[in-house]
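Asker: After the structure tokens below, expect a handful of questions from me.
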Amino acid sequence: MTQENIQDIKSLTLAQLKEQMQELGEKAFRAKQLYEWMHVKLARSYGEMSNLPKSLKEKCTETFTYTVLEPVKVQESRIDGTKKFLFRLADGNLVESVWMRYKHGNSVCISSQVGCKMGCRFCASTLDGWERNLLPSEMLDQIYAITRLTGERVSNVVVMGTGEPMDNYDNLLIFLRILTDENGLNISQRNITVSTCGIVPKMRKLAEEKLQITLALSLHATTDEKRRKLMPIANQYSLDELMEACAYYFEKTGRRITFEYSLVGGVNDTKEDASELIELAKPLCCHINLIPVNPIKERDYVQSDKTAILAFKNKLEKNGINVTIRREMGRDIDGACGQLRRSHIKKQS
């Protein structure tokens, strides 16, 4: 069996694992044991699986790869306790994740790709281009590794780190199935948010899955012209198409859409922008998350000042729009997507 054909055991659903055990001549209950060790007890190797026979461990070692992320760097914010993790993958690539403590529980923001090809103008993730998609196991193990390292349970997961989740659609779906499986960590679908810059066909496809996750659309502009300047994906899909896809998602799932709106000083934070955003949001069941943009030195965008941010929020609220200003977490530790990975790579080169 060539290395390319070896299956990744942590990316298998319980049903698939049962089939694999059968093929290896093992009893079905071994699949449940393995699954529990990987996805509940968060074992880092077969060696930790104390109730499995040595012969099965040897078979598994020969048949499957076992994904475990190696922590390279951990930064902790002195401001709010947010932790940013840089992990090394088996092929040497690096991904980053963020752990945030909220009153309602601990939240982890994970990456879905190594790098990103979407080219959004205000994001550090895209500056070095796209390397590859992450496997379901590599997405899962960001959560598992952080759970082990912090010693605290994760209750909320946000797929909003480096990468475009909808560009890694099949692996994303497997990741969601395993993460929410009652035989695994059993995180509620309602506690999971997946972001997208707006790949319309995949948004519609996700709606058909009828999952109870929250879909967050990176909107960031209220006209096609302005959005095209900020986000190259806007050259493919118009705002009209996006809003139709959002309405379709709500119709199929009953789940309110979140609009992510990064406020960039002098670019998209005017009274006119607020009025246009109200027009877009009014017909939809949505929530608007205003994000004071995290400045990155490679771009000349600046954060809107506090007065402009509050005026923008107040105008939306007066028009009956559900809106919050996202708490800034980890500003002092390269908190924005892609910053830590990029600064680490630069130091190494």
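The values are calculated or read from the model by the stated rules, or taken from the named source; none is laboratory data. Just so you know, these numbers come straight off a predicted model, no measurement behind them. Using ideal geometry, Cβ is built from the backbone for each residue, glycine included, and neighbour counts are taken over all protein chains shown.
Asker: Of everything in the stretch 197-223, what is among the charged types (D, E, K, R) and modelled with pLDDT of 95 or more? Give them in sequence order.
Answerer: Correct list: K202, R204, K205, E208, E209.
Asker: Follow-up question, since we're still on this one. Could you say whether any residue in the stretch 80-88 is crowded, with 17+ Cβ neighbours inside 10 Å, assigned to a strand (DSSP E or B), among the polar types (S, T, N, Q) and in contact (Cβ under 8 Å) with a residue 12 or more places away in the chain?
Answerer: No, the stretch 80-88 contains no residue that is crowded, with 17+ Cβ neighbours inside 10 Å, assigned to a strand (DSSP E or B), among the polar types (S, T, N, Q) and in contact (Cβ under 8 Å) with a residue 12 or more places away in the chain.
Asker: Which pairs turn up if I take residues in the stretch 231-260 that are more than 15 Å from Q189 (Cβ to Cβ) and surrounded by fewer than 18 Cβ atoms within 10 Å (Cβ to Cβ) and look for partners that are modelled with pLDDT of 95 or more and small (G, A, S) with beta carbon separation below 8 Å, at least 6 apart in sequence or on another chain?
Answerer: These pairs meet every condition: Y248/A207; E251/A207.
Asker: Another question, if that's okay. Given the criteria surrounded by 13 or more Cβ atoms within 10 Å (Cβ to Cβ), small (G, A, S), in a loop (DSSP other than H, G, I, E, B) and within 29 Å of the chain's Cα centre (by Cα), does A31 qualify?
Answerer: Against the criterion (surrounded by 13 or more Cβ atoms within 10 Å (Cβ to Cβ), small (G, A, S), in a loop (DSSP other than H, G, I, E, B) and within 29 Å of the chain's Cα centre (by Cα)), A31 does not qualify.
Asker: Check whether at least one residue in the stretch 262-284 is closer than 20 Å to F122 by Cα, of a type in the set (A, V, I, L, M, F, W, C) and within 24 Å of the chain's Cα centre (by Cα), and report yes or no.
Answerer: Within the stretch 262-284, one or more residues are closer than 20 Å to F122 by Cα, of a type in the set (A, V, I, L, M, F, W, C) and within 24 Å of the chain's Cα centre (by Cα).
Asker: Only residues in the stretch 56-72 that are farther than 13 Å from A43 by Cβ count as the first member; pair them with residues that are in a helix (DSSP H, G or I) and among the small types (G, A, S), Cβ under 9 angstrom, at least 6 apart or cross-chain, and list the lot.
Answerer: Filtered contacts from the stretch 56-72: T65/S137; L69/A145; E70/A145; P71/A145.
Asker: From the list T61, T13, which one is surrounded by fewer than 16 Cβ atoms within 10 Å (Cβ to Cβ), among the hydroxyl-bearing types (S, T, Y) and not assigned by TED's automatic domain parsing to the domain that holds N183?
Answerer: Result: T61 is the single residue among T61, T13 that is surrounded by fewer than 16 Cβ atoms within 10 Å (Cβ to Cβ), among the hydroxyl-bearing types (S, T, Y) and not assigned by TED's automatic domain parsing to the domain that holds N183.
Asker: Same structure again: Could you run through the stretch 24-37 and say how many residues are touching a residue at least 60 places away in the same chain (Cβ under 8 Å) and not hydroxyl-bearing (S, T, Y)?
Answerer: 2
Asker: Any residue at all in the stretch 126-135 that is assigned to a helix (DSSP H, G or I) and surrounded by 21 or more Cβ atoms within 10 Å (Cβ to Cβ)?
Answerer: Scanning the stretch 126-135, I find at least one residue that is assigned to a helix (DSSP H, G or I) and surrounded by 21 or more Cβ atoms within 10 Å (Cβ to Cβ), so the answer is yes.
Asker: Only one residue in N289, N314 is part of a helix (DSSP H, G or I), more than 20 Å from L127 (Cα to Cα), among the polar types (S, T, N, Q) and modelled with pLDDT of 90 or more, so which one is that?
Answerer: So the residue among N289, N314 that is part of a helix (DSSP H, G or I), more than 20 Å from L127 (Cα to Cα), among the polar types (S, T, N, Q) and modelled with pLDDT of 90 or more is N314.
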